1. Is it true that ALA265 is hydrophobic (A, V, I, L, M, F, W, C) and under 28 Å from GLY101 (Cβ atoms)?
2. Being closer than 29 Å to TYR3 by Cβ, of a type in the set (Ser, Thr, Tyr), touching a helix residue (DSSP H, G or I) at 6+ places or on another chain (Cβ under 9 Å) and exposed (fewer than 15 other Cβ atoms within 10 Å of the Cβ) is true for just one of TYR117, TYR88. Which residue is that?
3. Consider segment 238-277. How many of its residues are crowded, with 18+ Cβ neighbours inside 10 Å and more than 23 Å from ARG126 (Cα to Cα)?
4. Starting from residues that are out of contact with any helix residue (DSSP H, G or I) (no Cβ under 8 Å at 6 or more places or on another chain) and hydrophobic (A, V, I, L, M, F, W, C), keep the ones in segment 146-177 and report whichever is surrounded by the most Cβ atoms within 10 Å (Cβ to Cβ).
5. I'd like to check something: does segment 88-103 contain any residue that is outside the structural domain of LEU316 (by TED's automatic domain parsing) and not in a helix (DSSP H, G or I)?
6. Taking segment 312-345, which residues are touching a helix residue (DSSP H, G or I) at 6+ places or on another chain (Cβ under 6 Å), at pLDDT below 75 and surrounded by fewer than 17 Cβ atoms within 10 Å (Cβ to Cβ)?
7. In the set LEU235, LEU262, which member is within 17 Å of SER329 (Cα to Cα), under 17 Å from the mean Cα position of the chain (by Cα) and either of a type in the set (D, E, K, R) or part of a helix (DSSP H, G or I) (or both)?
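The values are calculated or read from the model by the stated rules, or taken from the named source; none is laboratory data. Everything numeric in this text was worked out from a predicted model, so none of it was measured. No Cβ is skipped: glycine too gets one built from the backbone with ideal geometry, and neighbour counts run over all protein chains shown.
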Amino acid sequence: MKYIRRIILSLLLVAIWFTMRSPGAGEAYARNIYPYVSAVLSRFSSLFPFSVGDCLIYGSIVGLLVYVGCAIAGKCSWKTLAGRTVEYLLWVYVWFYMAWGLNYFRQDFFTRTQLPYAAYSADAFRSFLSAYTDALNASFVPVEEVDKAVVAKESERGYREIAGRFGLVAPAGYLHPKPMLFPSLMSGVGVLGYMGPFFTEYNLNPELLPVQYPFTYAHEMAHVLGISSEAEANLYGFLVCSRSEVPEIRFSAYFALLPYVLSNAYQLLPEEEFIRWKNTISPEIKELYNRKVAYWEELYSPLIGEIQSIAYNWFLKGNNIPSGRKNYSEVVALLMALENTSGEI
């Protein structure tokens, strides 16, 4: 039995490594295999109100520590411990990539959507910046609370409208977000939400501000629907929320994009022009943005936050996202490319 198990493990590893090296195979996985895998895993995990994936991760860590304790106590040999630990971790590796991780290796956005890549143009960026700022200011509404059921309904409707165009899995009606197992820890490292790949779950931080909830919900749903790129998840979250008829959801989209637009504008515009542009943002939005920054800075732990940031940056770069965490800000380039073909942002 042990040898059969290891042969199966070896074959799965070879299949995964082959898929990683072939965008065509990655796209075939995303369109033809992942929808069925995610349907089974998400249907199972939806039966539980808590994050099953978090339980697996933290349970595995505790289990491995207990196993090390047994080796220290002399109840098993270190050789046995090493062999079983390596095999277990390889099975977890296989599960991660077969369940969701191979979405990192599908075709890139421009190949998949057949949109022409828009090379940087200063005039085009300024045009985008002007249109975005006008829309941001016009969309402003005070957001004291959001109806989470309405957000769920609007997100599902929005994704059903765009799923076919962008190669996404159609959202299932039974999908619902889970609370994080340790939200204080996640707030300490600045994580607003994450997709649980082992059981196709999406987890939201219960400490999210109301104005952040709709966009974060839609962003994490994009990951569940087969998108690994953070820039693309931002793009689809923006498209879904900005097209909603609910003012709070629509404003959440434009407000969520603001830090990425700020980052791009700071890098691309001369300093005086950047300051002039910032002055065109309405005072109410600037005040809200500063309150949001202060809120999360108070919860943030610099030490563990920096460790998490470095680790996640390495993780993304090792999974076909060469820009690492900077990938989030690349949503602006995707929006500009989309604007060139549709005339909309």
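1. Numbers: hydrophobic (A, V, I, L, M, F, W, C): yes; under 28 Å from GLY101 (Cβ atoms): no.
Spelling it out, it is not the case that ALA265 is hydrophobic (A, V, I, L, M, F, W, C) and under 28 Å from GLY101 (Cβ atoms).
2. Values: TYR117 fails: closer than 29 Å to TYR3 by Cβ.
Of the residues listed, the single one that is closer than 29 Å to TYR3 by Cβ, of a type in the set (Ser, Thr, Tyr), touching a helix residue (DSSP H, G or I) at 6+ places or on another chain (Cβ under 9 Å) and exposed (fewer than 15 other Cβ atoms within 10 Å of the Cβ) is TYR88.
3. Pass one, segment 238-277, residues crowded, with 18+ Cβ neighbours inside 10 Å: 238-242, 244, 248-258, 260-261, 264-265, 269, 277.
Those left that are additionally more than 23 Å from ARG126 (Cα to Cα): 240-241, 244, 248-249.
Residues in segment 238-277 being crowded, with 18+ Cβ neighbours inside 10 Å and more than 23 Å from ARG126 (Cα to Cα): 5 in total.
4. My answer is ALA163.
5. yes
6. Within segment 312-345, ARG325 is the sole residue that qualifies.
7. On the way: LEU262 fails: under 17 Å from the mean Cα position of the chain (by Cα).
Being within 17 Å of SER329 (Cα to Cα), under 17 Å from the mean Cα position of the chain (by Cα) and either of a type in the set (D, E, K, R) or part of a helix (DSSP H, G or I) (or both) holds for just one of LEU235, LEU262, which is LEU235.
Conditions (1) within 20 Å of the chain's Cα centre (by Cα); (2) part of a helix (DSSP H, G or I); (3) loosely packed, with under 12 Cβ neighbours inside 10 Å; (4) not β-branched (Val, Ile, Thr), marked per residue:
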| residue | (1), (2), (3), (4) |
| --- | --- |
| TYR3 | no, yes, yes, yes |
| ILE8 | no, yes, no, no |
| ALA15 | no, yes, no, yes |
| THR19 | no, yes, no, no |
| ARG31 | yes, yes, no, yes |
| TYR34 | yes, yes, no, yes |
| ALA39 | yes, yes, no, yes |
| PHE50 | yes, no, no, yes |
| GLY59 | no, yes, yes, yes |
